[in-house]
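Visitor: There's a structure below that I have some questions on.
The values are calculated or read from the model by the stated rules, or taken from the named source; none is laboratory data. Note that this is a predicted model, so its numbers are computed, not measured. Every residue, glycine as well, gets a Cβ built from its backbone with ideal geometry; the counts of neighbours run over all protein chains shown. Ligands, DNA and RNA are stripped out before the accessible areas are found, and what is left, the full protein with its side chains, is counted by its heavy atoms. Shrake-Rupley method; radii C 1.70, N 1.55, O 1.52, S 1.80 Å.
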Amino acid sequence: MAVVGMQVHKSDQRTVALFVVLPHKRKRSRKDRHSTSHSSINSKSQTMAPGGPRVVNNCEECLRSLHMKVLRTKDDTIEEDVNFNNIVDVYATMPWFGMDIGGTLTKLVYFEPKDITPDELDQEAEILRNIRRYLTKNSAYGKTGHRDTHLQMDDITIRGRRGSLHCIRFPTSEMVNFLLLAKSKGMAELVTTVCATGGGAFKFEKEFKKEVNMRLAKFDELDALIKGILFAETHNPTECYYFENSSSMSCISKGEKKVYDFSQPYPFILVNVGSGVSILAVWGPDNYKRISGTSLGGGTFLGLCCLLTGCDTFEEAVELATEGDHTKVDKLVRDIYGGDYERFGLPGELVAASFGQMNLKDKQSSVSRADLANATLVTITNNIGSIAKMCAINEKIEKVVFVGNFLRVNPISMRLLAYAMDYWSKGTLKALFLEHEGYFGAMGCLCQFNNEISCNETETTNSNFENGDCINEIETNFLKIKNKFFAL
Ligand SMILES: Nc1ncnc2c1ncn2[C@@H]1O[C@H](COP(=O)(O)OP(=O)(O)OP(=O)(O)O)[C@@H](O)[C@H]1O
Ligand SMILES: CC(C)(CO)[C@@H](O)C(=O)NCCC(=O)O
């Protein structure tokens with residue numbers, strides 16, 4: 001088995017280095033629990049570059065095939081000429097990206113290696129150094145790109161390299177500007193393939209090719225989501241949490257965030273609240289089903305809130321909602337019964353009809369924008385909670401994990417979901433949340449490509465990166481390396 005790579009300054013077509021590295025056996029770690037049939041390789045010198053020019057899928061079979069090619073070329077004396085004694089792991093310095101292009105937000109995770117040797121720094125192309133500086137020294141990109149610095153994961157090891165994972169997002173509606181920015185930073189000259197998931201990986205494929213000459217290595221969004229969750233859980237011991245005291249509505253705002261040990265995760269219900277909502281039952285890393293979904297999701301909240309209150313952003317909508325009171329907008333059980341509906345255990349403060357008071361003109365004129373925002377948030381959240389509860393009960397699964405950017409800066413919804421799960425299941429269901437709420441698709445995409453958890457693309461039905469492609473790509477890359485070298 002071997003990993004072969006080179007660094008090419010695309011601008012002057014100069015091959016800087018060619019390297020071959022052999023694998024070391026690695027210690028079994030917590031993350032091995034999630035591994036599947038292909039063997040993972042994890043040593044300092046074995047790195048691949050998902051965002052780099054020679055993107056290859058280094059499953060064992062493919063690497064073995066590549067190694068055979070390397071051995072076969074021994075007679076061509078390539079070995080001596082490229083000085084294999086001075087092996088330089090240049091892939092380590094290539095940009096490693098995973099991208100999730102969703103209906104509302106595009107999420108980008110970027111792995112910054114922190115263990116770069118002086119040799120590697122010397123060899124590094126200037127464009128690459130500039131891109132790394134640009135991404136890691138700023139927290140705003142263009143007008144709408146943001147880096148979530150609080151979600152940065154430091155001192156993590158991917159492919160045997162130690163470094164930091166940066167989480168960046170921008171509105172998908174800004175894709176054209178993002179591509180222009182990427183081009184202006186020289187990305188088009190450096191990167192030819194980017195791993196991508198989400199609907200936008202399909203929708204924007206042509207634009208990526210046309211604008212920045214980048215190919216998208218596509219992964220299915222739900223496969224990537226699960227891989228990303230397992231990756232985050234493995235690397236961050238405080239990733240998963242729940243709210244204590246969520247069983248009483250009056251205690252709900254006081255409920256403390258508590259770390260939850262999610263190291264034995266299966267089975268669990270996964271509720272991904274993005275623009276729309278997907279609900280999965282997950283029994284194992286490669287064993288899940290999409291059991292339900294609803295079009296009333298984060299996109300609905302934002303859309304309705306903008307219409308009803310005139311607000312412009314998600315942050316503004318959530319802030320408004322925090323100041324408002326939905327009971328002035330909704331019709332509660334007590335508005336109908338004068339108190340609880342005891343026979344069926346419906347408390348008076350339960351919403352009987354969302355927006356149920358808004359048919360009356362005098363009520364309409366007495367509600368504030370904040371009340372409307374709060375009612376919109378509560379309506380969407382309760383509906384998601386109700387569907388999630390039914391799914392969990394149907395599947396007889398107790399853990400219900402909520403993710404997606406709808407939960408970003410949105411404690412009202414998290415606490416409400418925690419309360420709803422507890423209340424409606426009489427304490428049998430547990431609502432769980434994850435710190436990197438909206439970034440799992442992008443992380444999963446990065447580590448699926450990068451073979452951190454599983455390299456079994458052949459099992460990923462929608463992947464366009466199957467073993468055959470993988471071998472072809474390795475072969476093509478190898479030939480390129482060879483040709484470039486002899487052209488020197
Ligand atoms: N800065 C933001 N701008 C817009 N929406 C935001 C923002 N922050 C959080 N949100 C919320 O997150 C939702 C999008 O979540 P997420 O990024 O997980 O989904 P997506 O991938 O865009 O959608 P889908 O998975 O349905 O394609 C929005 O609909 C909105 O409710
Ligand atoms: C279409 C997706 C999967 C895109 O992420 C998501 O927005 C979703 O699950 N929407 C809900 C679709 C449904 O009604 O089941």
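Visitor: Taking the solvent-accessible surface of protein heavy atoms with a 1.4 Å probe, what is the per residue accessible area of the range 248-322 in Å²? Provide the component values of the computation, followed by the final result.
Guide: Working: 3510 Å² over 75 residues.
Result: 47 Å² of accessible area for each residue.
Visitor: What do you get for Rg/Rh of the range 372-425 when both radii come from the Cα atoms and Rh is the Kirkwood radius?
Guide: Details: Rg = 11.2 Å, Rh = 11.5 Å.
Here Rg/Rh amounts to 0.97.
Visitor: In addition: What per residue convex hull volume, in Å³, do the alpha-carbon atoms of the range 194-315 yield?
Guide: On the way: hull volume 21.5 nm³, N = 122.
Taking only Cα atoms, the range 194-315 has a hull volume of 177 Å³ per residue.
Visitor: Mind ordering 217-225, 293-301 by average Cβ neighbours within 10 Å, highest first? Write out the running numbers ahead of the final one.
Guide: Numbers: 217-225: 25.1, 293-301: 19.7.
Going from most to least packed, we get 217-225, 293-301.
Visitor: Given Cα pairs under 8 Å that are at least 6 residues apart, what percent is the relative contact order of the range 321-413?
Guide: After rounding, I find 31 percent.
Visitor: Any idea which of 188, 246, 217 is furthest toward the positive side of the dipole for the range 151-274, if Lys and Arg beta-carbons carry +1 and Asp and Glu beta-carbons -1?
Guide: The listed residue farthest towards the positive side: 188.
Visitor: Also, I was wondering about something else. Under a plain spin-label model, where a point goes 7 Å from the Cα along Cα-to-Cβ, how far apart in nm are residue 144 and residue 176?
Guide: 1.1
Visitor: Next question. Only four residue types carry charge here, +1 at the Cβ of Lys and Arg and -1 at the Cβ of Asp and Glu. Report the dipole size of the range 93-247 about the Cα centre in Debye, rounded to the nearest 20. Let's see the in-between values first.
Guide: On the way: 21 positive and 22 negative charges, 119 e Å.
The calculation lands at about 580 debye.
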